[in-house]
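Colleague: First the structure, then my questions, so here it is.
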Amino acid sequence: GGRTAAENALQLSCLSSVEEISERAGEGSEEASEELKQHLTGILLQGLGILRTREGMEEAEKQVRSLLPLAENRLDQSRLLLWLAMVRSALERKESRGAHYRTDFPERDEAFQKITKAVLHDGEPEISFISPDTDPGGEA
């Protein structure tokens, strides 16, 4: 099931280290940007896969944050901020829902049957949850 798929995905992610990304980021090439994208994909597969742990998501957040200073263009910066928002959102949603299973919150919690809203404020994604029947600009 989902646990097996998550474990297989973890074994398949064999990407460069943050140090290698750092060295190549200074090159200013498209290749460095592509390698950053691949590295981020590996981080998210490990931290935001089907089987999730608080520790795994916190480690993913730490790794994404460590790459923020390396963003050499707006696309890379936007990609990093989006993925940071995804990790923060998953950490804030303290439940298991659908195919995503959190080991620390194994049950579904109807209090989280809301829309996740991420807003960039002073360079930091802020996460909130709004009811589906609330005005999109409002809070739940």
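The values are calculated or read from the model by the stated rules, or taken from the named source; none is laboratory data. All figures in this text were calculated on a predicted structure; none of them were measured in a lab. Because the Cβ atoms are built from the backbone with ideal geometry, glycine has one as well, and the counts that use them run over all protein chains shown. These area figures cover heavy atoms from the full protein model, side chains too; ligands, DNA and RNA do not enter into them. Shrake-Rupley method; radii C 1.70, N 1.55, O 1.52, S 1.80 Å.
Colleague: Just to confirm, what accessible area per residue do you get for the range 73-131 at 1.4 Å probe, in whole Å²?
Modeller: Details: 3500 Å² over 59 residues.
About 59 Å² of surface per residue is accessible.
Colleague: What list of ³J(HN,Hα) couplings, whole Hz, do you get for the range 115-130 from phi and the Karplus terms 6.51, -1.76, 1.60, once you set θ to phi - 60° and write x for glycine and proline?
Modeller: Values, residue by residue: 8, 7, 10, 10, 10, 7, 10, 6, x, 10, x, 10, 10, 9, 10, 10 Hz.
Colleague: Given labels modelled 7 Å from the Cα in the Cβ direction, how far is it in nm from Thr53 to Leu120?
Modeller: For Thr53 paired with Leu120, the spin-label model returns 3.3 nm.
Colleague: Quick check on the range 42-140: take the gyration tensor over C-alpha atoms, sort the square-rooted eigenvalues as a ≥ b ≥ c, and tell me if it's rounded (a/c under 1.5), prolate or oblate.
Modeller: oblate
Colleague: When you count, for each residue, the other Cβ atoms within 10 Å and take the mean per peptide, how do 52-65, 103-116 rank with the highest first?
Modeller: 52-65, 103-116
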